[in-house]
Amino acid sequence: MPQPHELTALDQWQALQRGELRPTELAEHYLARIEALNPSLGAFVTVTADAALERARHVEANVPRTAPLWGLPFGDKDLQRRAGVPARFGSRLMADFVPEESDDLVRALDAAGGVSLGKTNTPEFGLPSYTESLAEAPARNPWDVGLGAGGSSGGAAVAVAARMLPFAPGSDGGGSIRIPAAACGLVGLKPSRGRVPAASGIDSLGGLAVAGPIARTVADAALLLDAMITPSGSRPEHHFALRAPGEDGPLLAAAVRGEGRFQLGVMTTSAWDDDYEIRLAPETLAALAVAVDGLSALGHGLEETALSPDASYVPAFRTIWQAGAATIPADGPEQEEQLEPLTRWLLRRGRALGARDLAEALAALSAFERSFIARLSRFDAVLTPALALTPRPFGWYDRADGERNFAQQVQYTPFTSMVNVAGLPAIVLPVMQTAGGLPMGVQLIGRPGGEATLLALGAQLERRLRWQDRVPPGI
């Protein structure tokens, strides 16, 4: 008999439904794995074992089995507040912060019947695309512990890749789900702006940051995303009048069926190309070729496409990234000194911006959104590399020079932030491994509200390439 962690999340849910597993049994199993593996991998920064077992017993006794995530374990990213649990945001500044109220996404996952086991690792305030804060141990890539896991949902990705969780929620404001998913050989889905009511992006600066799933399989990602959208299992309770287009029906159906033939674009240009030197590693091009060959063999139409130059994108995105740090709760030199150099640089740059700077940046990104969607509208989805380079080693990023650090992040992951700006859905798929055993992925960008198409395409490639059978060494 396979161990629970060897099953997919969907298989575990079905076993729970049949009574072959109990929520308390599953929580105990994963807590034991966290105790054994987390010290060397840094996936969790807080483990709430007692609360998790109490919650599992409550679910077992009081929550209807029809709940979308009934009894399934997950971890809250440490940018999310859960009442009574430390929320450190990857920062020494927040070392003693314990919130009294939970965030909407936390409440939604609880309403869906899930069981939180603790808080997953994230960089300081989720700002960088790597998870190596000074406040916590770094999140180590299970495929090679000398490499980083990406960020900012790095701890979540490590936990899923190392089978410490069946899946995990993440957040994505510039690639923070897709980057660690690609680095750790997982499926990561950034939903359309407005799709997930509890973390829609509508109320974030520039509409960039949304919540989505990280999982080992396409169906597992859809299972978690459905629960994020409709925790009650009935209709989503949208908090804003604006919402993503598309159907509200279960996305899991599209992921399980994996049907359809589509017209796809293939793109290796990005919005950063005119301002930064972007080089695609041979492994990146090899992964893209695997995906192209697989999709072509499956009967999809493929056509090369490219972005038109847009001189306004880079300065506008930089402005929004800096402005996003301006509200960090550090007041005065003493508190600022508790921040890491990159965060301190971003905060000071953000607070120096004027209203005109911000208004012009938001207008430029809105114009880019319109042109980007129009450019790609003739395709059902567009294929790009997930990352430009292989997973980065620890210490690769410059911790002192903010400008150089920003450039390094762009050079590692040039294909993700433009999707956030456009509010589009995108999925990362781990299509191959390098000769040295490292995962390499591709990204599919969908139309507004086009998650079902991305999941169908992902399911087709997954059946062909069988990435769900790969397991990191020693796991």
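The values are calculated or read from the model by the stated rules, or taken from the named source; none is laboratory data. Since this is a predicted model, take the numbers as computed values, not measurements. Don't worry about glycine lacking a Cβ; one is built from the backbone with ideal geometry, like all the others, and counts go over all protein chains shown. Note: accessible area is taken over every heavy atom of the protein model, side chains too, but ligands, DNA and RNA are not part of it. Shrake-Rupley method; radii C 1.70, N 1.55, O 1.52, S 1.80 Å.
Within region 401-437, the set of residues being in a strand (DSSP E or B) and among the aliphatic types (A, V, I, L, M) comprises 426, 427, 428, 429, 431, 432. Please go through region 451-475 and give me each residue that is open to solvent by 10 Å² or more (accessible area, probe 1.4 Å) and either free of Cβ contacts under 8 Å to residues at least 60 places away in the same chain or in a loop (DSSP other than H, G, I, E, B) (or both), ordered by number. 466, 469, 470, 471, 473, 474, 475 - these are the residues of region 451-475 that are open to solvent by 10 Å² or more (accessible area, probe 1.4 Å) and either free of Cβ contacts under 8 Å to residues at least 60 places away in the same chain or in a loop (DSSP other than H, G, I, E, B) (or both). Quick one: is residue 376 crowded, with 17+ Cβ neighbours inside 10 Å, out of contact with any strand residue (DSSP E or B) (no Cβ under 6 Å at 6 or more places or on another chain) and modelled with pLDDT of 95 or more? Answer is no for this residue. With within 24 Å of residue 440 (Cα to Cα) and surrounded by 14 or more Cβ atoms within 10 Å (Cβ to Cβ) as the only criterion, which of 385, 393 stands out? Result: 385 is the single residue among 385, 393 that is within 24 Å of residue 440 (Cα to Cα) and surrounded by 14 or more Cβ atoms within 10 Å (Cβ to Cβ). Output yes when any residue across region 15-34 is under 20 Å from residue 222 (Cβ atoms), of a type in the set (A, V, I, L, M, F, W, C) and in contact with a Lys or Arg (Cβ under 8 Å, 6 or more places away or on another chain), and no when none is. Yes: region 15-34 contains one or more residues that are under 20 Å from residue 222 (Cβ atoms), of a type in the set (A, V, I, L, M, F, W, C) and in contact with a Lys or Arg (Cβ under 8 Å, 6 or more places away or on another chain).
Within region 29-68, the set of residues being of a type outside the set (Gly, Ala, Ser), within 26 Å of the chain's Cα centre (by Cα) and open to solvent by 40 Å² or more (accessible area, probe 1.4 Å) comprises 35, 39, 47, 55.
Of everything listed in (1) in a helix (DSSP H, G or I); (2) surrounded by fewer than 23 Cβ atoms within 10 Å (Cβ to Cβ), the single unmet condition for residue 222 is (2).
Taken together, 171, 153, 192 contain a single residue that is open to solvent by less than 10 Å² (accessible area, probe 1.4 Å), among the hydroxyl-bearing types (Ser, Thr, Tyr), in contact with a Lys or Arg (Cβ under 8 Å, 6 or more places away or on another chain) and touching a residue at least 12 places away in the same chain (Cβ under 8 Å), which is 153. The C-beta contact set for region 399-417 (first residue free of Cβ contacts under 8 Å to residues at least 12 places away in the same chain, second residue open to solvent by less than 10 Å² (accessible area, probe 1.4 Å) and of a type outside the set (Phe, Trp, Tyr), distance under 8 angstrom, 6+ apart or interchain) is empty.
Here residue 264 does not qualify as more than 20 Å from residue 207 (Cα to Cα), open to solvent by less than 40 Å² (accessible area, probe 1.4 Å) and in a helix (DSSP H, G or I). Only one of the numbered conditions (1) out of contact with any strand residue (DSSP E or B) (no Cβ under 8 Å at 6 or more places or on another chain); (2) in contact (Cβ under 8 Å) with a residue 60 or more places away in the chain is not met by residue 223, and that is (1).
Listed by first and then second residue, the pairs linking a residue in region 1-28 that is open to solvent by 70 Å² or more (accessible area, probe 1.4 Å) to a residue that is charged (D, E, K, R), with Cβ atoms under 7 Å apart and 6 or more places separating them unless they lie on different chains, are 22/60. Could you list, in sequence order, all residues of region 357-396 that are assigned to a helix (DSSP H, G or I), within 24 Å of residue 129 (Cβ to Cβ) and among the small types (Gly, Ala, Ser)? Matches in region 357-396: 361, 364, 366.
Of all residues assigned to region 326-345, at least one qualifies as being under 30 Å from residue 95 (Cβ atoms), within 24 Å of the chain's Cα centre (by Cα) and open to solvent by 40 Å² or more (accessible area, probe 1.4 Å).
Restricting attention to region 279-309, the residues that are part of a loop (DSSP other than H, G, I, E, B) and under 25 Å from residue 261 (Cβ atoms) add up to 5.
For region 103-130, which residues satisfy the criterion of being in a helix (DSSP H, G or I), open to solvent by less than 10 Å² (accessible area, probe 1.4 Å) and charged (D, E, K, R)? Selection gives 124 alone. Each residue in region 56-102 was checked for being part of a helix (DSSP H, G or I) and closer than 16 Å to residue 155 by Cβ, and 1 of them qualify.
Residues checked against (1) of a type in the set (Gly, Ala, Ser); (2) open to solvent by less than 20 Å² (accessible area, probe 1.4 Å); (3) at pLDDT below 95:
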residue: 228; (1), (2), (3): no, yes, no
residue: 233; (1), (2), (3): yes, no, yes
residue: 253; (1), (2), (3): yes, no, no
residue: 278; (1), (2), (3): no, no, no
residue: 303; (1), (2), (3): no, no, no
residue: 311; (1), (2), (3): yes, no, yes
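Scanning region 207-253 for residues that are more than 24 Å from residue 175 (Cβ to Cβ) and among the polar types (S, T, N, Q) returns 230, 232, 234.
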